[in-house]
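First up is the structure itself, then whatever we jot down about it.
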Amino acid sequence: MKIFVSGHRGMVGSAVVRALKLESGWDVVTRTRAELDLYDQAAVDGFLAVEKPDVVLNAAARVGGVYANNTYPAEFIRENLAINLNLVHSSWNNGVKRFLNLGSSCIYPRGAPQPMKEECLLTGTLEKTNEAYAVAKICGLELCRHYRNQYGVLFHSAMPTNLYGPGDNYHPENSHVLPALMRKFHEAKEAGAPQVTIWGTGKPRREFLHVEDLAAALLHLLKLEDPPDWVNVGCGKDVSIRELAELVMSAVGFEGKIVQDTSMPDGNPKKLMDVSRILSTGWSPSISLRDGIARTYEEFLEQLAGGELRDSR
Ligand code: GFB
């Protein structure tokens, strides 16, 4: 089966490619940004017409943490809308049999009943700090749903919770919280600094999934004959940001104080997903947060030593 994985250099795409290569029967096709411009509909169409993959898994997206989402909303909406529209439409146009798209837990309404069920999509107002990204991602889900309904193609989506793992972005401002804290605690330990500043009140609660668990879930979803239009993928447990900071601090071995900068945004107060639907199909996560953080710190140290730490805007 020929599969095109877009965004294969990102954290999710690279984990998916590693997982596909461990299974037999997949012919994996990838393209770098220089080789294929996903913002260009004609280029995407021409590429799919030549390659003719059976399956497209879209792991390409502009992503970032609360600060990046809030600071560059025009880029988050435009780039994600373009990627989703071009890939979905050209896949349909070129006879792709199956399309697996990625949503995100942050596209559910702020204040949705917790844990959030799949049905709560589009039932309320979005979290302001990531509204632009959420609108673009919702369009991706809706494109798949409507193409599936009208044209009978198997286009569907997974809704991952907050992710972390190898290949994450460690940019000081634009990254997500887990890599940001890992870098801050590591640098403070190296410098012998007395304290580390974390953003916000520390009270928001987040659910974290190791990206290898997500990759296993995506391969599992690709094998379901009649998958739901979208399905939550998480571990079903959350921690406060303060608790996360303490876990990362202990994995890194920093022994100073944590102080909080409440001038920085908290974002959504809580986003825990209801994962009963995917559990009922036979997938479950296997990497605990504590083990996942320990593994990620080892990989962080290796990448740092090799000058390979991802640190992009
Ligand atoms: O991971 P994060 O940036 O994004 O932040 P979201 C989660 C929480 O961690 C927020 C706090 O309450 C932050 O205030 N935090 C504490 C920090 N210290 C830091 C720090 O040093 N860096 C960062 N980044 N946060 C994103 C969405 O929301 O989640 C995206 O904006 C996406 O669209 C992603 O969906 C999964 O979880 O708030």
Among the residues of segment 133-167, which ones are within 12 Å of the ligand (Cβ to nearest atom) and of a type in the set (Ser, Thr, Tyr)? TYR133, THR161, TYR164
Matching residues, segment 251-268, being buried (at least 19 other Cβ atoms within 10 Å of the Cβ) and more than 15 Å from the ligand (Cβ to nearest atom): ALA251
Of the residues that sit in segment 19-50 and are among the charged types (D, E, K, R) and surrounded by 15 or more Cβ atoms within 10 Å (Cβ to Cβ), which one is nearest to ASP213 (Cα to Cα)? ARG31
Would segment 54-74 turn up any residue that is more than 18 Å from ASN130 (Cα to Cα) and open to solvent by 40 Å² or more (accessible area, probe 1.4 Å)? no
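Every residue, every condition in (1) open to solvent by less than 50 Å² (accessible area, probe 1.4 Å); (2) under 20 Å from ASP266 (Cα atoms); (3) within 17 Å of the chain's Cα centre (by Cα); (4) among the acidic types (Asp, Glu), yes or no:
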{"site": "GLU119", "(1), (2), (3), (4)": "no, no, no, yes"}
{"site": "ASN130", "(1), (2), (3), (4)": "yes, yes, yes, no"}
{"site": "CYS144", "(1), (2), (3), (4)": "yes, no, no, no"}
{"site": "ARG148", "(1), (2), (3), (4)": "yes, no, no, no"}
{"site": "GLY152", "(1), (2), (3), (4)": "no, no, no, no"}
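Yes/no matrix, rows are residues, columns are (1) part of a helix (DSSP H, G or I); (2) within 16 Å of the ligand (Cβ to nearest atom):
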position: LEU57; (1), (2): no, no
position: ARG62; (1), (2): no, yes
position: ASN70; (1), (2): yes, yes
position: ILE83; (1), (2): yes, yes
position: TRP92; (1), (2): yes, no
position: PRO113; (1), (2): no, no
position: THR129; (1), (2): yes, yes
Report every pair of residues separated by at least 6 positions or lying on different chains whose Cβ atoms are under 9 Å apart, first residue within segment 127-152 and farther than 21 Å from VAL96 by Cα, second more than 13 Å from the ligand (Cβ to nearest atom) and among the polar types (S, T, N, Q). GLU131/THR125; ALA136/ASN84
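Conditions tested, residue by residue: (1) within 16 Å of the ligand (Cβ to nearest atom); (2) open to solvent by less than 20 Å² (accessible area, probe 1.4 Å); (3) closer than 21 Å to THR129 by Cβ.
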{"site": "GLU173", "(1), (2), (3)": "yes, no, yes"}
{"site": "LEU181", "(1), (2), (3)": "yes, yes, yes"}
{"site": "ALA193", "(1), (2), (3)": "yes, no, no"}
{"site": "TRP199", "(1), (2), (3)": "yes, no, yes"}
{"site": "PHE208", "(1), (2), (3)": "yes, yes, yes"}
{"site": "GLU225", "(1), (2), (3)": "no, no, no"}
{"site": "ASP238", "(1), (2), (3)": "yes, no, yes"}
{"site": "MET249", "(1), (2), (3)": "yes, no, no"}
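The values are calculated or read from the model by the stated rules, or taken from the named source; none is laboratory data. On a predicted model such as this, the values are computed, not experimentally measured, just so you know. All Cβ positions, even for glycine, are placed from backbone atoms using ideal geometry, and neighbour counts span all protein chains on display. Please note that ligands, DNA and RNA were not included when accessible areas were found on the heavy atoms of the full protein model with its side chains. Shrake-Rupley method; radii C 1.70, N 1.55, O 1.52, S 1.80 Å.
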